[in-house]
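Note sheet for the following structure.
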């Protein structure tokens with residue numbers, strides 16, 4: 001099982017949380033508002049964020065409970081994106097935790 005945590009303080013985009021394309025397809029997402037009153041959105045891309053010749057195109061999470069929120073939420077992905085990030089407006093601290101199952105067949 002792989003756990004990735006990103007935190008964003010105040011307005012802007014967090015660093016990209018890169019997921020394992022060879023890992024399992026079960027990816028849980030939890031966003032916690034640690035302090036303040038920010039509004040946040042989870043975005044993802046299938047573009048390679050490590051390729052300097054590509055400008056990643058980011059899309060809002062398909063679950064509307066992960067878009068323009070002001071409180072903590074949980075969701076998941078029905079697919080494994082290359083990367084996910086937080087987009088925050090307002091002031092405060094927001095943390096996103098991604099928990100990805102191991103490679104298929106791992107137990």
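Both radii come from the Cα set of the range 2-100: Rg as radius of gyration, Rh as Kirkwood radius; their ratio Rg/Rh reads 0.95.
For the residues 96, 82, 66, a GNM of the chain with alpha-carbon springs under 10 Å puts the largest fluctuation on 82.
Taking 88, 71, 80 as the candidate residues, the one with maximal mean-square fluctuation in a Gaussian network model of the chain, Cα springs under 10 Å, is 71. For the chain, modelled as a GNM whose springs connect Cα atoms under 10 angstrom apart, the maximal fluctuation among 41, 89, 55 occurs at 55.
The distance separating the Cα centre of the range 17-42 from that of the range 48-107 comes to 4 Å. When you restrict to C-alpha pairs under 8 Å that are six or more residues apart and normalise by the size of the chain, the relative contact order lands at 50 percent. Calculate, for residue 74 and residue 21, the FRET efficiency according to 1/(1 + (r/R0)^6) with r their C-beta to C-beta distance and R0 25 Å; round to the nearest 0.05. According to the calculation, E is roughly 0.65.
Readers should treat all values here as calculations from the given coordinates under stated rules, not as data from a laboratory. Being a predicted model, the structure only gives us computed values, none of them experimental. Cβ sites come from the backbone with ideal geometry, for glycine too, and all protein chains shown count toward neighbours.
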